[in-house]
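The values are calculated or read from the model by the stated rules, or taken from the named source; none is laboratory data. Keep in mind that this is a model prediction, so the values were computed, not measured. Virtual Cβ from ideal backbone geometry, glycine too; neighbours counted across all protein chains shown. Surface areas here come from the heavy atoms of the whole protein model, side chains and all, with no ligands, DNA or RNA. Shrake-Rupley method; radii C 1.70, N 1.55, O 1.52, S 1.80 Å.
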Amino acid sequence: MDGTDPRAPRRGSAGTGVLEQERSSVFGSLGDGPWQAVVHNDPVNLMSYVVHVFRTYFGFSRARAGALMQQVHEQGRAIVSRGSREQIETDVQAMHSFGLQATLEPSGQD
Amino acid sequence: MAHAFRPRPGGTLTCRLEGEERAIIAQVAQEVRELIRHDLQLQERPAPEAVQQAAQSDDPLQRLEAELAGAPSREPVDSAVQRLFPAASEDPQVAGEFRRFGQQALAEEKLEDLLRMIRMLDRPGSGREEVALGQEDVPVWLRGLNDMRLVLADRLSITRDGEFETLRMLQQIGEQVEDVPPVEDGDVAGGEIVAAVYELLTWLQESLLSALEHR
């Protein structure tokens, strides 16, 4: 742990840079890297809460966050970010702090 | 009368809760804190002096031991605590490392969220039933309410989508059938209370999210 609050909005999510423009489209990049964070469906977390977490933590647009939430709900899981192992561990830790079921895995799996 | 969260001028969000509702939410928050601490075997007090001294020792082995003493990564045993601290990977080695380095911090965050909620709910004699959340309180309440709901859902054995609705429907049908003898089994009666509290927390969380949208 580097001492920063893991629940604070993720890197690149607060500004108005390129990353945010990418993240605000429905099909934009989730980032690139050898590891990915996956959020799994569960019957307790409210859909509106999951959308809220995706928007506030990753900085996704409402449409993007809603689409990912739907994917979790319908397919049981959705990849929400890709990056270095350290970055993805931070994301998974943040998801756990919000009570979402999340895992990290090597990139390349659907 | 209790009312849901509403946006107020100045950016705060307020809800009104009956004294009994405040008490029961604070009680559940406290019980979830105790459950986490007990299951992960976390100490209430800061590390004992000996451990703190060892942490500053010149001996790297002593420092390592102090680190391990201060950061236990015990696997959760209770099913609800397992839900709050899920395995981060199917690969046991990756999951184990993740727990070792992050579980203690995660537990402290969750305990702190719940404690802040308890302090806001627990103001004896204030005479005010309104709970006002500032900007920095909102994420604390969203996370805390969610963790409490996860624990209660585990106790209600909600493991699939729609299961709570089914449970509620069965209870309501049960209430409507007059010839059914009163429930004597403590577990079932307790289950009804747990379900009611779960509903209250769900309603509160939904209303907080909705108020955020309309702020």
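With 5 Å bins beginning at zero, the pair-distance distribution over Cα atoms of the range A:16-106 amounts to 3, 16, 26, 28, 20, 6, 1, 0 %.
Each residue of the range B:201-215 was assigned a 3J(HN,Hα) from its phi angle through the Karplus curve 6.51 cos²θ - 1.76 cosθ + 1.60 (θ = phi - 60°); the sequence is 5, 5, 4, 5, 5, 4, 5, 5, 5, 5, 5, 5, 5, 9, 5 Hz, with glycine and proline shown as x. Counting Cβ atoms of other protein chains within 10 Å of each Cβ in B:81-92 and taking the mean gives 4. On the basis of the beta-carbon distance and an R0 of 30 Å, B:GLU97 and B:ARG119 show a calculated FRET efficiency of 0.30. Counted residue by residue at 0.36 nm each, then reduced by the alpha carbon distance between them, the extension gain from B:HIS3 to B:ARG215 reaches 74.7 nm.
Taking the average, over residues, of other Cβ atoms within 10 Å as the packing measure, peptides A:96-107, A:78-89 rank A:96-107, A:78-89 from highest down.
Multiplying the residue separation of B:ARG74 and B:ARG37 by 0.36 nm and removing their Cα-Cα distance gives an extension gain of 12.2 nm.
Take each residue in A:92-100, count the other chain C-beta atoms within 10 Å of its C-beta, and the mean is 6. What residues have an amide H closer than 5 Å to that of A:SER81, excluding those fewer than 5 places away on the same chain, when H is modeled at 1.01 Å from N in the peptide plane? The answer is A:ALA37.
Quick one: ranking B:TRP141, B:TRP203 by accessible area, 1.4 Å probe, largest first, what do you get?
B:TRP203, B:TRP141
Whole-Hz Karplus ³J(HN,Hα) for the range A:64-78, in order, using 6.51 cos²θ - 1.76 cosθ + 1.60 and θ = phi - 60°, x for Gly and Pro? Computed from phi, the couplings for the range A:64-78 are 5, 4, x, 5, 5, 4, 4, 4, 4, 5, 8, 9, x, 6, 8 Hz. Reported to the nearest whole Å, the Cα centre-to-centre distance from the range A:70-110 to the range A:30-62 is 7.
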